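Enquirer: For reference, the structure I am asking about is given below.
The values are calculated or read from the model by the stated rules, or taken from the named source; none is laboratory data. Bear in mind that the values here come from a model prediction, so they are computed numbers and not experimental data. Note that we place each Cβ from the backbone using ideal geometry, even for glycine, and neighbour counts take in every protein chain shown.
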Protein chains: 2
Amino acid sequence: MFSFIRKPQTINNQFTPKPERHLQGTVRFIPLGGIGDVTKNMYVYEYEFKGIKEILIVDCGVGFPDANMYGVDLVIPDITYLIDKAHLIKGIVLTHGHEDHIAALPYLWPKLKVPIYATRLTAALANVRLLDRSVSAPITVCDRDKILHLGNFSIEFIHVTHSIPDANHLVIRTPGGTFYHGSDYKFDWTPVDSDPTQVEKIAKASSTGITVMTTDSLGSDRPGYTLSERVILKGFEKEIGNCRGKFIVTTQSSNISRIQQAITVAIAGHRRICLLGRSIKQNVEVAQKLGYIKLPQSSMISEKEIKRYPANKVALIVAGSQGQVESALSRIALGDNKNVQIYPSDMVVFSADPIPGNEEAVHSLIDLLVDLGAEVSYSEVLEDLHVSGHGSQNDLLLLLALVKPRFVIPIGGTKRHMYHYKALAKTLGYNNEQILLLENGQVVGFENNKLVKQNPITVETVMVDGLGIGDVGNVVLRDRRKMAQDGIVMVIIPFDKPKGTIEKDIDVISRGFVYMKESEQLIYQAKQMVIREFNNKKTAKDPLYVKKLIEDMLEKFLYDKTHRRPMVMVVLIEV
Amino acid sequence: MFSFIRKPQTINNQFTPKPERHLQGTVRFIPLGGIGDVTKNMYVYEYEFKGIKEILIVDCGVGFPDANMYGVDLVIPDITYLIDKAHLIKGIVLTHGHEDHIAALPYLWPKLKVPIYATRLTAALANVRLLDRSVSAPITVCDRDKILHLGNFSIEFIHVTHSIPDANHLVIRTPGGTFYHGSDYKFDWTPVDSDPTQVEKIAKASSTGITVMTTDSLGSDRPGYTLSERVILKGFEKEIGNCRGKFIVTTQSSNISRIQQAITVAIAGHRRICLLGRSIKQNVEVAQKLGYIKLPQSSMISEKEIKRYPANKVALIVAGSQGQVESALSRIALGDNKNVQIYPSDMVVFSADPIPGNEEAVHSLIDLLVDLGAEVSYSEVLEDLHVSGHGSQNDLLLLLALVKPRFVIPIGGTKRHMYHYKALAKTLGYNNEQILLLENGQVVGFENNKLVKQNPITVETVMVDGLGIGDVGNVVLRDRRKMAQDGIVMVIIPFDKPKGTIEKDIDVISRGFVYMKESEQLIYQAKQMVIREFNNKKTAKDPLYVKKLIEDMLEKFLYDKTHRRPMVMVVLIEV
């Protein structure tokens, strides 16, 4: 029932990582994002030797704003460190097609303009994300079974299983040492696309020694192995068997494997399939074209055709599993889609991890659908019982035992996941010095199998809000937070500067504070106080001083009267 | 893995609710809160016969603001319907001491000033909540084994098990029919206070027929029975056995049973106990005084004494299990408590349901503690694996089978829980007409065992913000939402009304929009546009018209340039 972060105990496991031979130069690893915050993955690998310096970047993903980042759409990695080093960068290699690994490209690539490399599906999805924002960047499609040579880096792709096909780990070899980049994975021996992890390649890579492994750590607090994605099929089969109306599945648009399974059961149930929602359509189209999704055109129907078929001959795969207000599913539930109505025989299956923070929205959406009479099936549990795309403790141990790196760096998890990972690694015989718990911007360097001290770089949280990238900072957020809590009160004082007196009536305006019509008394009192204060001050000729004084006084007055702390702004207008 | 809302199938169960005999008059049930939103429980029962009208109120609890209610502290039931009927109200009866059943009393009781009735612990806790807000209301302490007579209502308390001791169901008898009020419960046969549900009283009550039962429905999507609260003890014992430093438990302050168990293991482990956090201290003090918590004074130490004991001789029970910023635990984690520091041998146990919406805060707090070196054990799962205070499907069926009401009304759940409950009740042989899914404000009436149609009343969401009750409405919230997203831009235009021209420079001020110093260009353009527009308008003499015009234009301009929609406010100052 509880999940424990235990003080790690060292077990005397037979364990000797193989040292790499004949190394020369320094290698460095710098996480720009992806550590401590799960998302916005972006990692810098550096090789330096006798005046040569080369950089390789892995992934370029977005993150999601936390609850305090009011109005912020996305967060992206801070590439300040790279800006004057674009000429040293050999390329950006992408591991897989999830948003948190590729979707910052349209924001950041234009500032670097370096080549992008990825395997087929990942390249295609990255291209969609780029074109979405009208950025046209050349992407080189790589064969996963060929070594990619970029300067002194040689990169081997190792196919791994995750909740999206075409996911890879990377073996990054340099003359100074070898990195194993263990991006998101689990060991799924029966993946939906029948393409399991290339274990043999992992074993082979480790045979010559690996200096450092970075590894997904998100599931480090879950015992055992993560279940195969394929078990979802059984759930879908059971559901569709009970469904006498439209069969509606909602999941995240990037979960290609789950979409495939919904398609599979729909076709087996002799239903026509309609995709709803821009992102699902885009992703399926791309995956279909490349053969990563099996969906014959003859089984597909358009939104307008839905009504021509009996309800029990139709399956809809719909975006909006997180309860997003503008999503296809929300619009259907609100009756805003004239082609799709919900009837009591319909069934809606929510097949997605609810992202923390979205529960309320998801539950409201479920309530709406239930109220329309639909049967709704949903997963009321988080990662633990849901089939996650991320490995659990045994998956993580298996990789570690296969790769046997000298050093290991957990990535893609929060602090507690990293500590859990550390405890895990110790059970395999690793010691404290070998398990590096980093922060974004922390630099680790290695020379001849040994850790060498490096100075950290500074990375900030870069926020995207509308068209602005990084123009929302702490001051703007603090103001939004204050106004979100208690609104704003503005006092406009027309004053005669030479005389230091108030001319005409002062104006008090508020938004989001109290309903003004019911607070006339309060506003009147505030006005009187301002006038009194203003006229009392001999220093009234110094506008900035008076402004500050009145603001402080009003804040106090309003808090006493209401126990609210609106933003108070005094504007002095010289007349 | 999934939880299903199935189309209910009627099973031909042998089931005949006993009709009540010799009834006269009409009885009504009106939920003012507690339906569809789980919290802010408040229910009105009415009896009417030949010009007599009497009202009984059950519970008076608070609810929590949803994510869109920026800045709102609490929501409380809307008692508009009762305001002119205070003279008809025989009293408020409280079922148990949780916030969502008692904590609206300080806000609403002063408007009604009717007698309050409750059993011992509940009465004491309600009194604490009232005094907290300086409201002094007389509460009559009831003996749970005596019938309470209030006008035509006679109320029988039936002790039930929940996550707080002294919880009750109510049998409310009137000459017009009998209600069974089934507030929060589960059937826990080994409760922490060794005081199981008075099943025999339930059976006896049902023997003369029950017209309507209202029932907790929150666990209606969980199969089986809910586990006994006592299983938590095993978890605590395992934890404390591994703990070489301070043993720190955090839970909700109203979860008296869990606090008792933390105390029990601490005493067994020869540790001194310190309580931290105002609400936990208050609740434990009250419960201790009345004998609901067993905690000898000799085992307690004050905050200042902690340092005098070896760490492994100390146990702390600390408020802040939801990651609240100002809570005792957050303050400890941030190093703001000079009496309590976290050291690597300390252990922190989170023993509470994370309330949806609080996950992020809880996880941040865990990360802080982990970073200080503490071992942290936490429940990563929701209601499903956590020991809930609410009954699961079999608990709910058991009550229904015991009470055998003619009609049943699920309360204390959201829409989907009510639908789940309906499906459940049908398996016992109930039909659609007998299971009433209500909304707050919907009135149901009964005459001689039969449902009679009633008109609904209007209930709004009443929000509490600071000292204001109900003065935050939709307009204020809409403004807060807008400013939270994109801030505010104010344009102050000093103008000559007779001439219709702008005098002096116009002022553009923003908060929470963009970092102004980096957006001089944008502001300059906006100013120019305003001046151009103003001077072009022949109608400039009509200030309201011009104001609206410029606001619209600016909104569009700023959206085009930034894709943000700040609140735009134009203030015209006549000079």
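Enquirer: If I ask for residues that are at pLDDT 95 or above and surrounded by fewer than 24 Cβ atoms within 10 Å (Cβ to Cβ), which ones from segment B:32-45 would you list?
Expert: B:44
Enquirer: Let me ask something additional. Give the residues of segment A:263-284 that are more than 17 Å from residue A:297 (Cβ to Cβ) and small (Gly, Ala, Ser), sorted by residue number.
Expert: A:268, A:269, A:277, A:279
Enquirer: Could you please find all residues in segment A:174-199 being farther than 17 Å from residue A:402 by Cβ and either in contact with a Pro (Cβ under 6 Å, 6 or more places away or on another chain) or not in a loop (DSSP other than H, G, I, E, B) (or both)? Full working, then the answer.
Expert: Going through segment A:174-199, the residues farther than 17 Å from residue A:402 by Cβ turn out to be A:174-177, A:190-195.
If the condition is that a residue be farther than 17 Å from residue A:402 by Cβ and either in contact with a Pro (Cβ under 6 Å, 6 or more places away or on another chain) or not in a loop (DSSP other than H, G, I, E, B) (or both), then A:174, A:177, A:193 are the ones that fit.
Enquirer: Within segment B:40-53, identify whether any single residue is of a type in the set (A, V, I, L, M, F, W, C) and under 19 Å from the mean Cα position of the chain (by Cα), and answer yes or no.
Expert: Filtering segment B:40-53 for residues of a type in the set (A, V, I, L, M, F, W, C) gives B:42, B:44, B:49, B:52.
Subsequent filtering for residues that are under 19 Å from the mean Cα position of the chain (by Cα) retains B:42, B:44.
Looking through segment B:40-53, at least one residue is of a type in the set (A, V, I, L, M, F, W, C) and under 19 Å from the mean Cα position of the chain (by Cα).
Enquirer: Still on this model: Restricting attention to segment A:521-548, and to residues there that are surrounded by 13 or more Cβ atoms within 10 Å (Cβ to Cβ) and either closer than 26 Å to residue B:70 by Cβ or within 14 Å of chain B (Cβ to nearest Cβ) (or both), which single residue is nearest to the chain's Cα centre (by Cα)? Spell out how you get there, then give the answer.
Expert: The first filter runs over segment A:521-548 and keeps only residues surrounded by 13 or more Cβ atoms within 10 Å (Cβ to Cβ), leaving A:522-523, A:525-527, A:529-531, A:533-534, A:537, A:540-543, A:546-547.
Add one more test, that the residue is either closer than 26 Å to residue B:70 by Cβ or within 14 Å of chain B (Cβ to nearest Cβ) (or both), and what stays is A:522-523, A:525-526, A:543, A:547.
Values: A:522: 45, A:523: 45, A:525: 49, A:526: 46, A:543: 47, A:547: 43 Å.
Filtering segment A:521-548 for residues that are surrounded by 13 or more Cβ atoms within 10 Å (Cβ to Cβ) and either closer than 26 Å to residue B:70 by Cβ or within 14 Å of chain B (Cβ to nearest Cβ) (or both), the one nearest to the chain's Cα centre (by Cα) comes out as A:547.
Enquirer: From (1) surrounded by 18 or more Cβ atoms within 10 Å (Cβ to Cβ); (2) out of contact with any helix residue (DSSP H, G or I) (no Cβ under 6 Å at 6 or more places or on another chain); (3) assigned to a strand (DSSP E or B), pick out the condition that doesn't hold for residue B:570.
Expert: Condition (2) is where residue B:570 drops out.
Enquirer: Please enumerate the residues belonging to segment A:213-239 that are in a loop (DSSP other than H, G, I, E, B) and charged (D, E, K, R). Break it down into steps so the answer makes sense when it comes.
Expert: First pass over segment A:213-239, keeping only residues in a loop (DSSP other than H, G, I, E, B): A:217-230.
Residues satisfying the conditions are A:221, A:222, A:229, A:230.
Enquirer: Take the residues in segment B:549-563 that are under 17 Å from residue A:467 (Cβ atoms) and surrounded by 20 or more Cβ atoms within 10 Å (Cβ to Cβ), then tell me which one is farthest from the other protein chains (Cβ to nearest Cβ). Walk me through how you get there before you give the answer.
Expert: To start, the set of residues in segment B:549-563 that are under 17 Å from residue A:467 (Cβ atoms) comprises B:554-563.
Adding the requirement that they be surrounded by 20 or more Cβ atoms within 10 Å (Cβ to Cβ) leaves B:554, B:558.
Numbers: B:554: 15, B:558: 10 Å.
Checking each candidate, the answer is B:554.
Enquirer: While we're looking at this one, here's another question. Of the residues A:453, A:426, which single one is within 29 Å of residue A:205 (Cα to Cα), among the basic types (Lys, Arg), more than 10 Å from chain B (Cβ to nearest Cβ) and without any contact (Cβ under 8 Å) to a residue 12 or more places away in the chain? Can you show your working first?
Expert: Working: A:426 fails: without any contact (Cβ under 8 Å) to a residue 12 or more places away in the chain.
Just a single option satisfies the conditions, and that option is A:453.
Enquirer: Among the candidates A:519, A:510, single out the residue that is without any contact (Cβ under 8 Å) to a residue 12 or more places away in the chain, of a type in the set (Ser, Thr, Tyr) and outside the structural domain of residue A:67 (by TED's automatic domain parsing).
Expert: Working: A:510 fails: without any contact (Cβ under 8 Å) to a residue 12 or more places away in the chain.
A:519 is the lone residue from the list that is without any contact (Cβ under 8 Å) to a residue 12 or more places away in the chain, of a type in the set (Ser, Thr, Tyr) and outside the structural domain of residue A:67 (by TED's automatic domain parsing).
Enquirer: Could you look through segment B:465-475, keep only residues that are of a type in the set (Val, Ile, Thr) and surrounded by fewer than 21 Cβ atoms within 10 Å (Cβ to Cβ), and pick out the one that is nearest to residue A:519 (Cα to Cα)?
Expert: Step one: list which residues in segment B:465-475 are of a type in the set (Val, Ile, Thr), which gives B:469, B:472, B:475.
Next cut, surrounded by fewer than 21 Cβ atoms within 10 Å (Cβ to Cβ) only: B:469, B:475.
Details: B:469: 13, B:475: 14 Å.
Out of the qualifying residues, it is B:469.
Enquirer: I need the full set of residues from segment A:312-365 which are in contact with a Pro (Cβ under 6 Å, 6 or more places away or on another chain) and small (Gly, Ala, Ser), in order please.
Expert: none
Enquirer: When you scan segment B:500-512, how many residues do you find that are at the interface with another protein chain (Cβ under 7 Å from one of its Cβ atoms) and either part of a helix (DSSP H, G or I) or surrounded by 19 or more Cβ atoms within 10 Å (Cβ to Cβ) (or both)?
Expert: 2
Enquirer: Quick check, is residue A:68 over 21 Å from the mean Cα position of the chain (by Cα), surrounded by fewer than 24 Cβ atoms within 10 Å (Cβ to Cβ) and modelled with pLDDT under 95?
Expert: Numbers: over 21 Å from the mean Cα position of the chain (by Cα): no; surrounded by fewer than 24 Cβ atoms within 10 Å (Cβ to Cβ): yes; modelled with pLDDT under 95: yes.
Considered against the rule, which asks whether it is over 21 Å from the mean Cα position of the chain (by Cα), surrounded by fewer than 24 Cβ atoms within 10 Å (Cβ to Cβ) and modelled with pLDDT under 95, residue A:68 comes out as no.
Enquirer: Are any of the residues in segment A:476-499 away from chain B (no Cβ under 14 Å) and surrounded by 14 or more Cβ atoms within 10 Å (Cβ to Cβ)?
Expert: As a first pass, look at segment A:476-499 and keep what is away from chain B (no Cβ under 14 Å): A:498-499.
Pick out the ones that are also surrounded by 14 or more Cβ atoms within 10 Å (Cβ to Cβ) and you get none.
No, there is no match, as no residue in segment A:476-499 is away from chain B (no Cβ under 14 Å) and surrounded by 14 or more Cβ atoms within 10 Å (Cβ to Cβ).
Enquirer: Among A:210, A:248, A:202, which is the only one that is more than 13 Å from chain B (Cβ to nearest Cβ), touching a Ser or Thr at 6+ places or on another chain (Cβ under 6 Å) and in contact (Cβ under 8 Å) with a residue 60 or more places away in the chain?
Expert: Working: A:248 fails: touching a Ser or Thr at 6+ places or on another chain (Cβ under 6 Å); A:202 fails: touching a Ser or Thr at 6+ places or on another chain (Cβ under 6 Å).
Only one candidate passes the filter, namely A:210.
Enquirer: In segment A:162-173, what residues are in a strand (DSSP E or B) and in contact (Cβ under 8 Å) with a residue 60 or more places away in the chain?
Expert: Going residue by residue through segment A:162-173, those that are in a strand (DSSP E or B) are A:167-173.
Scanning segment A:162-173 gives A:167, A:168, A:169, A:170, A:172.
Enquirer: Let me ask you something else. So if I check each of B:233, B:276, which one is farther than 16 Å from residue B:294 by Cβ, touching a residue at least 24 places away in the same chain (Cβ under 8 Å) and surrounded by 16 or more Cβ atoms within 10 Å (Cβ to Cβ)? Lay out the reasoning, then the answer.
Expert: Details: B:233 fails: farther than 16 Å from residue B:294 by Cβ.
Every option except B:276 fails the conditions.
Enquirer: OK, next. Quick one: would you say residue B:534 is touching a Pro at 6+ places or on another chain (Cβ under 6 Å) and aromatic (Phe, Trp, Tyr)? Give the derivation first.
Expert: Numbers: touching a Pro at 6+ places or on another chain (Cβ under 6 Å): no; aromatic (Phe, Trp, Tyr): yes.
Against the criterion (touching a Pro at 6+ places or on another chain (Cβ under 6 Å) and aromatic (Phe, Trp, Tyr)), residue B:534 does not qualify.
Enquirer: Now a separate question. Identify the residue in segment A:340-363 that is touching an Asp or Glu at 6+ places or on another chain (Cβ under 6 Å) and modelled with pLDDT of 90 or more and, among all such residues, is nearest to the other protein chains (Cβ to nearest Cβ).
Expert: Among residues in segment A:340-363 that are touching an Asp or Glu at 6+ places or on another chain (Cβ under 6 Å) and modelled with pLDDT of 90 or more, the one nearest to the other protein chains (Cβ to nearest Cβ) is A:349.
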